[in-house]
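One structure below.
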Amino acid sequence: MMERADALEYLAGFALDPALLGEVLSAGRQHTIFRYGEAQVLKLPNKSLYMKIYGAFTYEVVHRDVELLRRYAPRYLAPTEVLHGNHNADDYIVVQDYYPAARFVSGHEFPRVRDQFAEIVAANHALIHQHSLSIDFFGNQSFRTSLLAAVTGQPGSALLNNVVLVEDDAGKPQLRIIDVNLSELRLGFRADDSLPRWLIDNGLFALTRWMIWRLFGIEVR
Ligand SMILES: Nc1ncnc2c1ncn2[C@@H]1O[C@H](COP(=O)(O)OP(=O)(O)O)[C@@H](O)[C@H]1O
Ligand SMILES: [Mg+2]
């Protein structure tokens, strides 16, 4: 979690208006999410011990992840920009459209978006095989719940929170990828590589793959 004072200080390195910094929506493991004006959110990198060990993300890597998602999953990526800090070359802020009505996708609702999810998994196949990177499907907030759902064979209680459900103007469900940080499946690939990150990402990816198969019957290859 990034405190508001620290957030305002960090913001000074960017062409953003501090007056538009709103409430905290989520204090995630990797980022603190603030509302920004009416229609956007800002994702500021946490400076926690966890992130120190995991390996802090840099502008270069986050920017590349977003460009890859734009290329491979254009229909599903939430409108996202990565801003570059003026004070430090590694600093970044992710600016994204705000989805006030976004819902995490529960196993109960999953059948409504199954085809879309399968399309995201297909796009992810190309990411894995061409870039050794993968979308992080579950997200930290619901990982344990979903793992438990998979272990006990209760797909209804699974929850996806990095890929969320929004309704379009006609009330049709749409999936949107909101967590843009890709998991690193091969060591020595990224500019800001770290051994702990690779270990964590690989372990979580192996579990994720099994969970998606168990819960939804979809094969992540
Ligand atoms: N564009 C958005 N609109 C509304 N809520 C969001 C948006 N992006 C993130 N959030 C909220 O913040 C949480 C964490 O966001 P995420 O990008 O996954 O951060 P982290 O990198 O810390 O996992 C989400 O689960 C959601 O509740
Ligand atoms: Mg997340």
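The values are calculated or read from the model by the stated rules, or taken from the named source; none is laboratory data. All figures in this text were calculated on a predicted structure; none of them were measured in a lab. Cβ atoms come from the backbone with ideal geometry, glycine included; neighbour counts cover every protein chain shown.
Below are the figures for this structure:
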read-out	value
Residue under evaluation ARG112, criteria (1) in the same structural domain as LEU199 (by TED's automatic domain parsing); (2) in a strand (DSSP E or B), criterion not met	(2)
Residue check, LEU11 buried (at least 16 other Cβ atoms within 10 Å of the Cβ), at pLDDT 95 or above and either within 12 Å of TYR92 (Cα to Cα) or among the β-branched types (Val, Ile, Thr) (or both)	yes
In segment 138-156, residue nearest to ligand 2 (Cβ to nearest atom) [restricted to those that are closer than 16 Å to GLY217 by Cβ and small (Gly, Ala, Ser)]	SER146
Search result, residues across segment 23-39 that are more than 15 Å from ligand 2 (Cβ to nearest atom), part of a strand (DSSP E or B) and either surrounded by fewer than 17 Cβ atoms within 10 Å (Cβ to Cβ) or of a type in the set (Asp, Glu) (or both)	GLU23
Conditions (1) touching a strand residue (DSSP E or B) at 6+ places or on another chain (Cβ under 6 Å); (2) part of a strand (DSSP E or B); (3) within 16 Å of ligand 2 (Cβ to nearest atom); number of the one not met by GLN174	(3)
Matching residues, segment 180-219, being modelled with pLDDT under 95, surrounded by 15 or more Cβ atoms within 10 Å (Cβ to Cβ) and in a loop (DSSP other than H, G, I, E, B)	LEU185, LEU187, ARG190, ASP192, SER194
Criterion violated by ASP168 - all others in (1) assigned by TED's automatic domain parsing to the domain that holds GLU184; (2) within 18 Å of the chain's Cα centre (by Cα); (3) within 26 Å of GLU67 (Cβ to Cβ) satisfied	(2)
Residue count, segment 42-57 (criterion: farther than 23 Å from PHE14 by Cα and part of a loop (DSSP other than H, G, I, E, B))	0
Some residue of segment 58-77 being in a helix (DSSP H, G or I), assigned by TED's automatic domain parsing to the domain that holds ILE33, among the acidic types (Asp, Glu) and surrounded by 15 or more Cβ atoms within 10 Å (Cβ to Cβ)	yes
Yes/no for PHE57 being within 14 Å of the chain's Cα centre (by Cα) and among the aromatic types (Phe, Trp, Tyr)	yes
Segment 122-144, residues that are assigned to a helix (DSSP H, G or I) and buried (at least 18 other Cβ atoms within 10 Å of the Cβ)	ALA123, ASN124, LEU127, ILE128, HIS131, SER142, PHE143
Selection within segment 19-37 - of a type in the set (A, V, I, L, M) and under 15 Å from the mean Cα position of the chain (by Cα)	LEU25, ALA27, ILE33
